[in-house]
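Below is one structure, written out as structure tokens; comments come after it.
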Amino acid sequence: MYPKVRIFLKGGYPELYQNVSMTWKEGHDPVLFIYKNGEEQEKIRLAEHDDMEQLEALMLEKGFKFKSEEEMQKIMEEREAMAHARREERERERQFNILKRQKLIEKERAQGIDSKTLLLKHREERDQQRKEAAEKAAAQGRDEL
């Protein structure tokens with residue numbers, strides 16, 4: 001995707017404008033549809049405006065106005081709450097995986113598996129979990145882990 005358009009869309013900038021909603025369609029070029037009384041009036045390819053200033057100017061030129069300070073504050077609070085919830089979920093998953101790994105190590109030691117073999121096995125599992133987490137984050141459109 002076009003880097004600046006991606007930042008604009010994924011960064012939630014459309015939410016800052018009144019009467020704007022966004023539908024994300026994976027694999028489609030970014031297009032702004034402008035409706036009036038439920039009828040499509042105009043279709044604008046956003047890739048042609050791959051600059052934050054151009055995108056903001058386009059929105060204002062097309063008559064979109066920023067939401068009020070109160071509405072923007074509420075959006076920012078909701079975003080922070082969602083980010084906090086994601087961090088907490090990742091931490092719960094991490095703690096769960098640590099406990100799971102500890103129990104598995106105890107079980108394998110009881111079966112007589114040597115420490116070096118255990119260490120190699122668990123490193124491979126950890127690397128696989130990290131790879132899966134990165135793939136999951138990418139699939140969800142996030143660049144973070």
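Estimated at 0.36 nm per residue, the fully extended path between Q102 and R87 surpasses their Cα-Cα distance by 3.1 nm. Considering only L55, L120, L32, give the residue with the highest GNM mean-square fluctuation for the chain, with springs between Cα atoms whenever their separation is below 10 Å. Highest fluctuation of the listed residues: L120.
Pairs exceeding 28 Å between alpha-carbon atoms, taken from K10/K131; K25/K62; K67/K131; K74/K131: K67/K131; K74/K131. The simple Förster model, with R0 at 41 Å and r as the Cβ-Cβ distance, assigns L60 and K136 a FRET efficiency of 0.65.
For the stretch 40-145, the set of trypsin sites (Lys or Arg not before Pro) satisfying both a DSSP loop assignment and a count of at most 14 other C-beta atoms within 10 Å is given as K62, K65, R142. If one puts a single equal scatterer on every Cα of the chain and applies the Debye formula without solvent, what log₁₀ I(q)/I(0) results at q = 0.14, 0.15, 0.19, 0.21 Å⁻¹? Each listed q maps to, in turn, -0.82, -0.89, -1.21, -1.35.
Of the chymotrypsin sites (Phe, Trp or Tyr not before Pro) found in the stretch 1-85, those in coil by DSSP whose Cβ has at most 13 other Cβ atoms within 10 Å are W24. Per residue, the average separation of C-alpha pairs within less than 8 Å and at least 6 apart gives the stretch 3-67 a relative contact order of 40 percent.
Every number here is computed from the coordinates shown, using simple stated rules; none is lab data. Everything numeric in this text was worked out from a predicted model, so none of it was measured. With ideal geometry, Cβ positions are generated from the backbone for all residues, glycine too; neighbour counts draw on all protein chains shown.
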